[in-house]
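See below for the structure under consideration.
The values are calculated or read from the model by the stated rules, or taken from the named source; none is laboratory data. These figures come from a predicted structure and were not determined experimentally. Here the Cβ positions follow ideal geometry from the backbone for every residue, glycine too, while neighbour counts run over all protein chains shown. SASA here: full protein model, heavy atoms, side chains in, ligands and nucleic acids out. Shrake-Rupley method; radii C 1.70, N 1.55, O 1.52, S 1.80 Å.
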Amino acid sequence: MNRQWIYAVRPDGPVCVDNFEYRETEIPEPGDGQALARLCYLSFEPAMRTWLEDFITYMPPAPLGQPMVGPGVFQVVESNTPALSEGDLVSGMMGWSDYIVVDDQVRVVPPGTPIPVMLGPLGGTGLTAYIGLLDIGRPQPGETVLTSGAAGATGSVAAQIARIKGCRSVGIAGGADKCRWLLEEARLDAAIDYKNEDVGDRLAEVCPDGVDVYFDNVGGDMLETVMGHMNMGGRVAVCGAISTYNQGMRRPGPSNMFEIIEKRLTLQGFVMFDHMDRVPAASADLGQWVAEGEIAFQTDVQEGFENIPSTFLRLFNGANHGKQLLKVRDPE
Ligand SMILES: NC(=O)c1ccc[n+]([C@@H]2O[C@H](COP(=O)([O-])OP(=O)(O)OC[C@H]3O[C@@H](n4cnc5c(N)ncnc54)[C@H](OP(=O)(O)O)[C@@H]3O)[C@@H](O)[C@H]2O)c1
């Protein structure tokens, strides 16, 4: 039996569990040059909410009536190709399905790194943080770097790279627990609890000389507030806009756009997979910083196939502490 979560109903507002439907089907048969792989871990990204819309972003829309598309790690259980052996771990954009058929072009995961680390700080979100902060934000030692979504998978790595590079690193996150983690574990210079504090007032307090680089994971009203605190020549690395994803993503921009002219700001969006040439250098640095304890990280591993949709929703209410994963089974 092959368990699946199907993308069933397009959300009209916040995504909810009812947008997905549980189904059981036959286990697929791999053909020549293919292999059958069984789900071990799923990884969840806020951008998956944008794939539920019926327009093309940088990804095509997730097809209705099919298993929801998403990143995961699967283990080969039967192979008809010499490129893949039973027991190999494979990863990439897979689906919310217990069994899938893969071909010999699939990415084979090198053995050694624990899956939560490989999908966390050394995975796509860590690489996004590295490229977004260093190549797009271009911070200089001594500058003030502000990160929103700072306790999350991407933000926590970006904020700590800023510290490693000699910047004053300030993070914005929701709730006292996450802010405590930012100060005590991630060793940032200051943290702002946007759920209980006024972000503008706190920015004036903890960034009295303004913000040089803003690593923006949130967009919306928070971007507008931060723009009022940017310094002349400041850079905004526009990584994501999670505060808008549940609103159909067609919100108007900040009302204070004139700040961009007045302060000669650069707002630059980026998508990690346009920068694959940077992956070897980024992986080497991130691997070293994680091994040396310079980058603290949290992985939030939920369990159980039945909990896949509800785990995805955790990203939007901030229930996740760090990289959101779900384990169905450990590899054998
Ligand atoms: N450009 C790229 O290539 C790329 C690649 C990966 C990710 N991203 C973007 O990076 C951002 C972070 O993704 P992630 O995978 O690292 O997720 P994450 O930060 O681990 O989890 C999402 C976090 O967003 C915060 N959040 C949710 N709703 C919010 C709201 N309305 N206002 C403010 N904060 C809110 C929550 O933290 P709090 O508890 O602090 O509210 C939640 O924990 C997303 O915008 C994502 O789309 C971009």
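Among what's in the stretch 190-206 and is open to solvent by less than 60 Å² (accessible area, probe 1.4 Å) and away from the ligand (no atom under 16 Å from the Cβ), pick the residue that is nearest to T154 (Cα to Cα). Don't jump to the end; show me each part of the working.
Taking the stretch 190-206 first, the residues open to solvent by less than 60 Å² (accessible area, probe 1.4 Å) are 190-193, 199-200, 202-204, 206.
Add one more test, that the residue is away from the ligand (no atom under 16 Å from the Cβ), and what stays is 204, 206.
Values: A204: 25, V206: 22 Å.
So, considering only residues that are open to solvent by less than 60 Å² (accessible area, probe 1.4 Å) and away from the ligand (no atom under 16 Å from the Cβ), the one nearest to T154 (Cα to Cα) is V206.
Results for (1) touching a Cys at 6+ places or on another chain (Cβ under 9 Å); (2) within 16 Å of the ligand (Cβ to nearest atom); (3) part of a helix (DSSP H, G or I), shown as yes or no for each residue.
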position: P141; (1), (2), (3): yes, no, no
position: A150; (1), (2), (3): yes, yes, no
position: T154; (1), (2), (3): yes, yes, yes
position: V157; (1), (2), (3): no, yes, yes
position: R163; (1), (2), (3): no, no, yes
position: G166; (1), (2), (3): no, no, no
position: V170; (1), (2), (3): yes, yes, no
position: K178; (1), (2), (3): no, yes, yes
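Which is small (G, A, S) and farther than 15 Å from G149 by Cα, of G228, G219? Talk me through it step by step, then tell me what you get.
Details: G219 fails: farther than 15 Å from G149 by Cα.
Answer to the check: G228.
Kindly list the number of the only condition in (1) in a loop (DSSP other than H, G, I, E, B); (2) within 15 Å of the ligand (Cβ to nearest atom) that fails for I27.
Here I27 clears every test but (2).
So that you can scan it fast, the table gives a plain yes or no per residue for (1) crowded, with 17+ Cβ neighbours inside 10 Å; (2) in contact with a helix residue (DSSP H, G or I) (Cβ under 6 Å, 6 or more places away or on another chain); (3) of a type in the set (G, A, S):
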| residue | (1), (2), (3) |
| --- | --- |
| D98 | yes, no, no |
| P114 | no, no, no |
| L119 | yes, no, no |
| T125 | yes, yes, no |
| V145 | yes, yes, no |
| G152 | yes, no, yes |
| A158 | yes, yes, yes |
| I161 | yes, yes, no |
| E184 | no, no, no |
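Taking the stretch 182-210, which residues are more than 15 Å from R163 (Cα to Cα) and part of a helix (DSSP H, G or I)?
Result: V199, G200, D201, R202, L203, A204, E205, V206.
Residues that are surrounded by 14 or more Cβ atoms within 10 Å (Cβ to Cβ), under 21 Å from P331 (Cα atoms) and assigned by TED's automatic domain parsing to the domain that holds E306: does the stretch 6-26 have at least one?
The answer is no, given that none of the residues of the stretch 6-26 is surrounded by 14 or more Cβ atoms within 10 Å (Cβ to Cβ), under 21 Å from P331 (Cα atoms) and assigned by TED's automatic domain parsing to the domain that holds E306.
Looking at K263 and the list (1) charged (D, E, K, R); (2) within 16 Å of the ligand (Cβ to nearest atom); (3) in the same structural domain as T144 (by TED's automatic domain parsing), which single condition is not satisfied?
For K263, the exception is condition (2).
Quick test of your reading of the structure: Q247 fulfils all but one of (1) open to solvent by 30 Å² or more (accessible area, probe 1.4 Å); (2) within 10 Å of the ligand (Cβ to nearest atom); (3) at pLDDT 95 or above. Name the failing condition by number.
Against the list (1) open to solvent by 30 Å² or more (accessible area, probe 1.4 Å); (2) within 10 Å of the ligand (Cβ to nearest atom); (3) at pLDDT 95 or above, Q247 comes up short only on (3).
Let me confirm something: among D209, D277, which residue is open to solvent by 50 Å² or more (accessible area, probe 1.4 Å), among the acidic types (D, E) and without any contact (Cβ under 8 Å) to a residue 40 or more places away in the chain?
Within the list D209, D277, the selection yields D277.
Check off (1) farther than 29 Å from C239 by Cβ; (2) crowded, with 19+ Cβ neighbours inside 10 Å for G72 and give me the number that stays unchecked.
(1)
On the basis of being touching a helix residue (DSSP H, G or I) at 6+ places or on another chain (Cβ under 7 Å) and surrounded by 15 or more Cβ atoms within 10 Å (Cβ to Cβ), does I260 make the cut?
Details: touching a helix residue (DSSP H, G or I) at 6+ places or on another chain (Cβ under 7 Å): no; surrounded by 15 or more Cβ atoms within 10 Å (Cβ to Cβ): yes.
No, not satisfied.
Determine which member of the set G155, G220, G174, G123 is touching an Asp or Glu at 6+ places or on another chain (Cβ under 9 Å) and small (G, A, S).
Among G155, G220, G174, G123, only G174 is touching an Asp or Glu at 6+ places or on another chain (Cβ under 9 Å) and small (G, A, S).
Can you tell me which residues in the stretch 86-96 are touching a Ser or Thr at 6+ places or on another chain (Cβ under 9 Å) and open to solvent by less than 60 Å² (accessible area, probe 1.4 Å)?
Selection gives D88, S91.
Taking D221 and the conditions (1) touching a residue at least 24 places away in the same chain (Cβ under 8 Å); (2) under 21 Å from the mean Cα position of the chain (by Cα); (3) open to solvent by 50 Å² or more (accessible area, probe 1.4 Å), which numbered condition does it fall short on, given that it satisfies the others?
(1)
Under 16 Å from P309 (Cβ atoms) and touching a residue at least 40 places away in the same chain (Cβ under 8 Å): which single residue out of Y58, Y7 fits that description?
Just one listed residue meets the conditions, Y7.
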